[in-house]
Amino acid sequence: MMRQNAEANSATKIFVNLPVKDLKKTMDFFSKLGFKFNPMFTDENAACLVISEDIYAMLLVEKFFKNFIPDKEICDARSSAEALVALSTKTRQEVDEVIKKVLAAGGSEYRQAQDYGWMYGRAFQDIDGHIWEIFYIDMNSMPEEMKNKAKQVNSELISNN
């Protein structure tokens, strides 16, 4: 079903657009976390943060961001939340490593770690107040009830094709 939707919509990549107050400081923050930027989509108004081959965050200076939402106000991410950006890691240790880098770069941990045994996650607030969740899922340790539900959904998707 998801594959059909992606094919029907021709969507191949995701660009999350986030307003930022000081583009240079924001780029410095994410650089300290180990992220790179795509120079093709980076200038004085915007920076294209590369999360993966198909996932990007466009960090847009507030004045420039406002051009895309002429009839709305920009949410103050320090006092309100419009979205949570969640990124998975390959290991549980990577979750903790990211948070260490965040703290060293000037960000803050947003809430206590959540540990469900099979899923582990932490969250941080970047220097513009946006909340990012970093999590790891051990599919082999997932509760049987959830595995069975996933099998059922997958078989329904296959039979609908």
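The values are calculated or read from the model by the stated rules, or taken from the named source; none is laboratory data. All figures in this text were calculated on a predicted structure; none of them were measured in a lab. Cβ placement follows ideal geometry from the backbone for every residue including glycine, while neighbour counts extend to all protein chains displayed. In case anyone asks, the SASA skips ligands and DNA or RNA and just uses the protein heavy atoms, side chains included. Shrake-Rupley method; radii C 1.70, N 1.55, O 1.52, S 1.80 Å.
Total Lys pairs in region 19-99 closer than 26 Å by alpha-carbon, pairs eight or more apart in sequence or interchain only?
20
When the convex hull of the Cα atoms of region 66-143 is projected onto a plane and the area is averaged over all directions, what value comes out in nm²?
Average of the hull's projected areas for region 66-143 equals 6.6 nm².
Just the accessible area per residue of the chain, please: how many Å² with a 1.4 Å probe?
68
In whole percent, and with a 1.4 Å probe on the protein chains, what portion of the accessible area of the chain is carbon and sulfur?
After summing per-atom areas, the C and S share lands at 53 percent.
For Rg and Dmax of the Cα atoms in Å, several values are listed as (1) 18.1, 50; (2) 29.3, 108; (3) 18.0, 67; flag the one computed from this structure.
Computed from the coordinates, Rg and Dmax of the Cα atoms in Å corresponds to (1).
Evaluate E = 1/(1 + (r/R0)^6) for residue 152 and residue 50, where r is the Cβ-Cβ distance and R0 equals 35 Å; express this FRET efficiency to the nearest 0.05.
Between residue 152 and residue 50 the formula returns 0.45.
Taking the Cα-to-Cβ direction at residue 85 and at residue 43 and moving 7 Å from each Cα, how far apart do the two end points lie in nm?
2.1
Evaluate the distance, in nm, between pseudo-label points positioned 7 Å from the Cα of residue 13 and of residue 100 along their respective Cα→Cβ axes.
3.2
For the chain, what is the calculated [θ] at 222 nm in deg cm²/dmol (nearest 500), taking -39500 (n - 2.57) for each run of four or more DSSP H residues and dividing by its residue count?
Estimated from H runs of four or more residues: -10000 deg cm²/dmol.
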